[in-house]
Amino acid sequence: MSAWTYANIWESVAAAVPDQPAIVQGDRVVSFAEFDAQADALAAHLLAAGLGHQAKVAVYATNCPEFLIAYYAAFKAGLAPFNVNYRYGPEEVRYLLDNGDAEAVVFEAGFASILDPIRATMPGVRSWIAIGRDGIDPPLWAQDFAALGARIPAVRPTVAPWGRAEDDLLLIFTGGTTGMPKAVMWRQGDLMAKGNYGANPLLGTGPLASPEEAGPRAAASPIKPRSLIAPPLMHATGLIGAFTAIGAGGAVVLLPHGKFEPEEVWSAVERWRVTRMTIVGQPFAQPLLEALDANPGRWDLSSLFIIGSSGAMWNRENKLGLIGHIPQVNLMDSYSSSEAFGMGLSTTNAAGERATATFELGPDCAIFAEDGRRVEPGSGESGRLAVGGPIPLGYYKDPAKSAQTFPTYEGKRWSMPGDWASVDADGTVRILGRGSQCINTGGEKVFPEEVEEALKRHPAVRDAAVTGVPDARFGERIVALVEPHPGAAPDEAELREHVRSQLATYKAPRHVLVVDSVARAPNGKLDYKAVKERALAAFGEAAA
């Protein structure tokens, strides 16, 4: 049996279903045979360029087939790929490439203007490879991705002298909410062990017995999965969702313009008979529901059985609204992060539901108090959520942060990204929020996420962001940025009372700033640093 690596699984699938679509975007269809051949060609180029075992390959692009081809090529050659946030400026990109020890950079040609000024500071990069797109050609100082992909090596599949191993890494750079970006080091074997790889409850199939079984199972499957990835592939939610679809012999469906547009999403679901969609909570789900409400019956969505989400809260009202339009759908709300997959799962469908921000505790999960004691169910105590079992090795080149996030309790290592929660007597986990954003007002802890969710339950509020600003008496004072529904004009006093009706009085915002947009990132997450800056600019002096 070969090692549990993505390349070994995907090669098995490509051999079994070569003519099936692997990636589609608009009118472009990349078959598994093309996906495999182009990855072989790029892998051969990277090896010829002198990249050694586990050398780092940066991928800097918006959603497109080349993004996944580049990762496949790196996996084939025993290299370690990592993501580059395409919203970063030159200095942030320079830091990330340097910190990640990039020896090859695959980038969208439109980002050449950001890379060109910093190339001289990156002597370790052996190969710059540009993806021509949207009429923008590769710069003269980079090689053309399309031309390299057409150079299919005579001997296939490409296998590096060092082979492939389950210890081969995938690096996931996460910006987090504070400090500089850091790369989470996942071994491919651990990722697959964590995911119970290949199991499909809807089809009644268990995990794969070996990587070689992936192809025959894909060929024999009566249902060919089609997975629409709405968020950016540069973030873990989209990337791992795409990996899962490819490993099952299914097509990854990317939006035509490489960005999130609700009507384009539903049109793609109808056109490609999508069976599963990946989103990031309420920031994606709200406009999707609004598009359905505005166009009842416009799209045939009968193929869609799962909408999976991770990375942001997703409220009950929205879930019930989606089920009203898509009665057969299962809404699977996963509580995970780049450092910790499988912390909790909440499923809502026509037969039943779970409350917002409550999850069934995942296997190998626990909650620990600040002094390292395990929080007992029903105790009313809160603590940091932890997941054990297969977890990352740590953060790349950052032992101090690794020790903080991956501590040892009860004699074993845990991944604890900083999410606070409590657990009911029946095992239901109630998520409070990320500790790094916790507001301390008068000695009381307030998690922005729970206030945001309370605000979003008001009929006039489309989205909300909450932070703290300095207060001479209480230490910090709560400020809310509120994005209203079109035509709505929420009253500040009414919003405060609305929060008080659900939460403790001290958790109600002292100030409310109505904004056109809370300006979420493409992955649906809030930039709390920017939120705080806006709050300080509006209310800093008033609160001090």
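The values are calculated or read from the model by the stated rules, or taken from the named source; none is laboratory data. Because the structure is predicted, anything quoted here is derived from the model rather than measured. Backbone-built Cβ (ideal geometry, glycine too); neighbour counts: all protein chains shown. Calculation scope for accessible area: heavy atoms of the full protein, side chains included, ligands and nucleic acids excluded. Shrake-Rupley method; radii C 1.70, N 1.55, O 1.52, S 1.80 Å.
Things to note:
- Within the stretch 364-412, considering residues that are among the hydrophobic types (A, V, I, L, M, F, W, C) and not in a strand (DSSP E or B), the one nearest to residue 183 (Cα to Cα): 393
- If you filter the stretch 45-71 down to residues that are more than 19 Å from the chain's Cα centre (by Cα) and open to solvent by less than 20 Å² (accessible area, probe 1.4 Å), you find that the one that is nearest to residue 153 (Cα to Cα) is 46.
- Yes/no for residue 99 being of a type in the set (S, T, N, Q), at pLDDT 95 or above and under 25 Å from the mean Cα position of the chain (by Cα): yes
- Where residue 158 falls short, out of the listed (1) modelled with pLDDT of 95 or more; (2) over 28 Å from residue 520 (Cα atoms); (3) open to solvent by 10 Å² or more (accessible area, probe 1.4 Å): (1)
- Summed over the stretch 501-514, residues that are farther than 21 Å from residue 473 by Cα, out of contact with any helix residue (DSSP H, G or I) (no Cβ under 6 Å at 6 or more places or on another chain) and either buried (at least 18 other Cβ atoms within 10 Å of the Cβ) or not aliphatic (A, V, I, L, M) (or both) total 1.
- Every residue from the stretch 386-403 that is free of Cβ contacts under 8 Å to residues at least 60 places away in the same chain and within 12 Å of residue 339 (Cα to Cα): 386, 387, 388, 402
- Scan of the stretch 245-288 for residues that are in contact (Cβ under 8 Å) with a residue 12 or more places away in the chain, charged (D, E, K, R) and either open to solvent by less than 10 Å² (accessible area, probe 1.4 Å) or under 19 Å from residue 235 (Cβ atoms) (or both), ordered by number: 259, 276
Table: residues versus (1) aromatic (Phe, Trp, Tyr); (2) within 20 Å of residue 175 (Cα to Cα); (3) within 27 Å of the chain's Cα centre (by Cα).
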site: 395; (1), (2), (3): yes, yes, yes
site: 417; (1), (2), (3): no, yes, yes
site: 451; (1), (2), (3): no, no, yes
site: 460; (1), (2), (3): no, no, no
site: 463; (1), (2), (3): no, no, yes
site: 477; (1), (2), (3): no, no, no
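- Of note, residue 79 does not satisfy the criterion of being of a type in the set (A, V, I, L, M) and within 19 Å of residue 523 (Cα to Cα).
- Pick from the stretch 125-142, criterion open to solvent by less than 40 Å² (accessible area, probe 1.4 Å) and not in a strand (DSSP E or B), ranking: nearest to residue 61 (Cα to Cα): 138
- The stretch 86-101, residues that are in a loop (DSSP other than H, G, I, E, B) and either in contact with a strand residue (DSSP E or B) (Cβ under 7 Å, 6 or more places away or on another chain) or open to solvent by 60 Å² or more (accessible area, probe 1.4 Å) (or both): 86, 87, 100, 101
Let's see how each residue does on (1) touching a residue at least 60 places away in the same chain (Cβ under 8 Å); (2) assigned to a strand (DSSP E or B); (3) in contact with a Cys (Cβ under 8 Å, 6 or more places away or on another chain):
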residue	(1), (2), (3)
425	no, no, no
436	yes, no, no
440	no, yes, no
452	yes, no, no
465	yes, yes, no
469	yes, yes, no
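This table checks each residue for (1) open to solvent by 10 Å² or more (accessible area, probe 1.4 Å); (2) farther than 21 Å from residue 284 by Cβ; (3) small (Gly, Ala, Ser).
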{"position": "449", "(1), (2), (3)": "yes, no, no"}
{"position": "454", "(1), (2), (3)": "no, no, yes"}
{"position": "464", "(1), (2), (3)": "no, no, yes"}
{"position": "468", "(1), (2), (3)": "no, yes, yes"}
{"position": "478", "(1), (2), (3)": "no, yes, no"}
{"position": "484", "(1), (2), (3)": "yes, no, no"}
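- From 164, 119, residue being touching a helix residue (DSSP H, G or I) at 6+ places or on another chain (Cβ under 7 Å) and open to solvent by 30 Å² or more (accessible area, probe 1.4 Å): 164
- Residue within the stretch 471-482 that is under 30 Å from residue 85 (Cβ atoms), of a type outside the set (S, T, N, Q) and in a loop (DSSP other than H, G, I, E, B) present: no
- Residue within the stretch 427-441 that is open to solvent by 70 Å² or more (accessible area, probe 1.4 Å) and under 23 Å from the mean Cα position of the chain (by Cα) present: yes
- Inter-residue pairs, beta-carbon under 7 Å, first within 11 Å of residue 81 (Cα to Cα) and of a type in the set (A, V, I, L, M) and in the stretch 92-104, second open to solvent by 50 Å² or more (accessible area, probe 1.4 Å) and in a loop (DSSP other than H, G, I, E, B), 6+ apart: 104/126
- Residue among 521, 493 that alone is closer than 26 Å to residue 316 by Cβ, without any contact (Cβ under 8 Å) to a residue 60 or more places away in the chain, of a type outside the set (Lys, Arg) and open to solvent by 10 Å² or more (accessible area, probe 1.4 Å): 493
- Out of 342, 362, 321, 308, sole residue that is open to solvent by 30 Å² or more (accessible area, probe 1.4 Å) and small (Gly, Ala, Ser): 342
- If you check 268, 183, 193 for being at pLDDT 95 or above, out of contact with any helix residue (DSSP H, G or I) (no Cβ under 8 Å at 6 or more places or on another chain) and among the small types (Gly, Ala, Ser), only one passes: 268.
- Boolean, residue 392 is more than 26 Å from residue 533 (Cβ to Cβ) and in contact with a Phe, Trp or Tyr (Cβ under 6 Å, 6 or more places away or on another chain): yes
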